[in-house]
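Working notes, structure below.
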Amino acid sequence: MAYRHGVDEEISAVLNEMWNLDANRLKPGKDYTISVQGRAGYVARGSNQARDRARASLFSYVDEDKLRSIETYAHFVNLLDNYEMSTGVSETVTSQERMENHLFLDAILQTEVMKCAHRYLVKKGQASSDVEQFKKQLFDIWFRLYHRDRSGGEDSCGFEHVFVGETKHGKEIMGLHNWVQFYLQEKHGHVDYKGYRARGNKDTPDEDDHVLTLQFSWKDLVKPMGSSFIGVSPEFEVALYTLVFLTSDEKVTKVLVKVDEYLLEVVVCRYGFSIGTSYPKMLSSNNRD
């Protein structure tokens, strides 16, 4: 699908307001350090062989005390172990897990980032001004279970796909577009960073970029290319993707936005009334123009 007529100025304006309000975004070089290393090579679709162009981990340091001390991250991390990795395997949601979902939503709804997104969606007629109604809407978009693999029961939801990651028939990685999950999986030895992906030689990322395109393996499967925000708060990501999801009724929405110094394509795919997947694609960064 084509872009909606170049950069979407209106959505860019809201996202920049949210970006400036994101008090919980971590600072590169202070709260965490990444090492982008080598440029990853081509991996054929379906192949799980990739040359490793990065000897070290992507994350060389993350201030975990700071991470745990911020309420939205603390609740977010609690959600990461609530899902079955493979599609086709039905999810069982315990009362404890359901409570964790609600604690996370309550925490992000108290942030200025989420309040800003909510105000915009109310103005657009896409959300109720009542916070409890909006919370129900967020729950359906992110946590309502659905059938991703037709062979089994309700095996997936937007949150699991985007933030936790899952595998398809044990053969390919789907989702996993979140830096906190990437860091924790890398720390536990499940993820091996293979290098960055870039379009041209000018596009070499640097250590303080907040958006990266990566190649990695996760539990022996290779993701040839996946992109992720780095260092941004979970509430910023949820707010951003929710906003794009609710302001479009297309099956696949691609919005061109200018956020801070980044020109991004934000991709959101719907699965009924829920998010199927969503991720950012870095097109260019001001500091390298």
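Charges only on Cβ, +1 for Lys and Arg, -1 for Asp and Glu: so what's the dipole of the chain about the Cα centre, in debye to the nearest 20?
940 debye
Among Glu186, Glu250, Glu235, determine the one that fluctuates most according to a GNM of the chain built with springs between C-alpha atoms less than 10 Å apart.
Glu250
Shape of segment 182-289 from its Cα gyration tensor (a ≥ b ≥ c, root eigenvalues): rounded if a/c is under 1.5, otherwise prolate when a/b > b/c, or oblate?
Oblate, since a/c reaches 1.5 and b/c is not below a/b.
Once you put a point 7 Å from the Cα of His190 and another 7 Å from the Cα of Asn48, both along the Cβ direction, what distance in nm separates them?
Placing both labels 7 Å along Cα→Cβ, they lie 1.5 nm apart.
Quick one: which residues, 5 or more positions from Thr167 or on another chain, have an amide H under 5 Å from its amide H? H modelled 1.01 Å from N in the peptide plane, none for Pro or chain starts.
Residues meeting the criterion, in which the H sits 1.01 Å from N, are Ser86, Thr87, Met174.
Could you please state how large a percent of the accessible area of the chain is carbon and sulfur, counting protein chains only and using a 1.4 Å probe?
In the chain, the share of accessible area belonging to carbon and sulfur is 48 percent.
So what is log10(I(q)/I(0)) for segment 192-247 at q = 0.18, 0.20, 0.30 1/Å, when the Debye sum runs over its Cα atoms only?
Scattering profile of segment 192-247, log10 relative to I(0): -0.77, -0.87, -1.11.
Going by a ≥ b ≥ c, the root eigenvalues of the Cα gyration tensor, does segment 216-270 fall in the rounded group (a/c under 1.5), the prolate group (a/b larger than b/c) or the oblate group?
Here segment 216-270 falls in the prolate category.
So for the chain, averaging the separation of alpha carbon pairs under 8 Å that are six or more residues apart and normalising by length, what relative contact order in percent results?
24 percent
List the lysines whose Cα sits under 30 Å from the Cα of Lys27, skipping any in the same chain fewer than 8 residues away.
Here the lysines satisfying the reach criterion relative to Lys27 are Lys66, Lys115, Lys135, Lys187, Lys194, Lys202, Lys219, Lys223, Lys254, Lys258, Lys281.
Rounded, prolate or oblate: which fits segment 36-108, taking a ≥ b ≥ c as square roots of the Cα gyration tensor eigenvalues, rounded meaning a/c under 1.5, else prolate when a/b beats b/c?
The shape class here is oblate.
Can you give me the accessible area per residue for the chain, using a 1.4 Å probe, in Å²?
Using a 1.4 Å probe on heavy atoms only, each residue of the chain averages 45 Å².
The values are calculated or read from the model by the stated rules, or taken from the named source; none is laboratory data. Since we're looking at a predicted model, the values are computed, not measured. Quick reminder, even Gly has a Cβ in these numbers, built from the backbone with ideal geometry, and neighbours come from all protein chains shown. Remember, those area values only see protein heavy atoms, side chains included, never the ligands or the DNA or RNA. Shrake-Rupley method; radii C 1.70, N 1.55, O 1.52, S 1.80 Å.
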